[in-house]
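Notes follow once the structure below has been shown.
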Amino acid sequence: MAAGKIVFYFDEMMPRDVADELIRSGHKVLMAVDAGMVGKDDMTEHLEFAAERSYVLVTRDRPFAGRAMKRTDHAGLICWTGAQNDFGGLVRALSDFAARRRPEDAAGQVFWLK
């Protein structure tokens, strides 16, 4: 991981097409499926896995994001609230997020993007 750059960790709800496009644009993305994290618990496994690596977790799971707001022991969480099929909008929103923030700006916070 490059110092000072946001790295995204996509949970199982996030589409590979979006990850691939972000990677082509120069961002770093790890997908849960590629990390062997399929079927893991959101709060006790996905959030902690991302936090241990200083990765910002990205999800579409609004209830999970709401629960995560009660915690600050993570590297940040982004919940996409836009249209499920708006891959371009999601890519733009995440690219903009990464361009405007450093990892320390995201730590312990939940962001709602659309």
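If you check LEU57 against the conditions, is it in contact with a His (Cβ under 6 Å, 6 or more places away or on another chain), at pLDDT 95 or above and of a type outside the set (Lys, Arg)?
On the way: in contact with a His (Cβ under 6 Å, 6 or more places away or on another chain): no; at pLDDT 95 or above: yes; of a type outside the set (Lys, Arg): yes.
In short, no.
So which residues in segment 35-69 are at negative phi and out of contact with any strand residue (DSSP E or B) (no Cβ under 9 Å at 6 or more places or on another chain), if there are any at all?
VAL38, LYS40, ASP41, MET43, THR44, GLU45, GLU48, GLU52, PRO63, ARG67
Would you mind finding the one in ASP20, ASP41, ASP34 that is over 12 Å from the mean Cα position of the chain (by Cα) and within 21 Å of PHE97 (Cα to Cα)? Even if it seems obvious, please write down each step before you answer.
Details: ASP41 fails: within 21 Å of PHE97 (Cα to Cα); ASP34 fails: within 21 Å of PHE97 (Cα to Cα).
Testing whether each residue is over 12 Å from the mean Cα position of the chain (by Cα) and within 21 Å of PHE97 (Cα to Cα) leaves just ASP20.
In segment 11-41, what residues are surrounded by 15 or more Cβ atoms within 10 Å (Cβ to Cβ), touching a residue at least 60 places away in the same chain (Cβ under 8 Å) and farther than 20 Å from SER54 by Cβ?
Across segment 11-41, the qualifying residues are PRO15, VAL18, GLU21.
With the condition kept exactly as written, say whether any residue in segment 94-102 is among the small types (Gly, Ala, Ser) and part of a loop (DSSP other than H, G, I, E, B). Even if it seems obvious, please write down each step before you answer.
Taking segment 94-102 as the starting set, the residues that turn out to be among the small types (Gly, Ala, Ser) are 95, 98-99.
Narrowing the set further to residues that are part of a loop (DSSP other than H, G, I, E, B) leaves none.
The answer is no, given that none of the residues of segment 94-102 is among the small types (Gly, Ala, Ser) and part of a loop (DSSP other than H, G, I, E, B).
How many residues are within 12 Å of PHE111 (Cβ to Cβ) and either of a type outside the set (Val, Ile, Thr) or loosely packed, with under 15 Cβ neighbours inside 10 Å (or both) if we restrict to segment 76-95? So that I can check it myself, show each step before the final result.
Going residue by residue through segment 76-95, those that are within 12 Å of PHE111 (Cβ to Cβ) are 76-81, 93-94.
This time we only want the ones that are either of a type outside the set (Val, Ile, Thr) or loosely packed, with under 15 Cβ neighbours inside 10 Å (or both), so: 76-77, 79-81, 93-94.
Within segment 76-95, residues that are within 12 Å of PHE111 (Cβ to Cβ) and either of a type outside the set (Val, Ile, Thr) or loosely packed, with under 15 Cβ neighbours inside 10 Å (or both) number 7.
The values are calculated or read from the model by the stated rules, or taken from the named source; none is laboratory data. For clarity, every value in this text was computed on a predicted model and none was experimentally measured. Cβ sites come from the backbone with ideal geometry, for glycine too, and all protein chains shown count toward neighbours.
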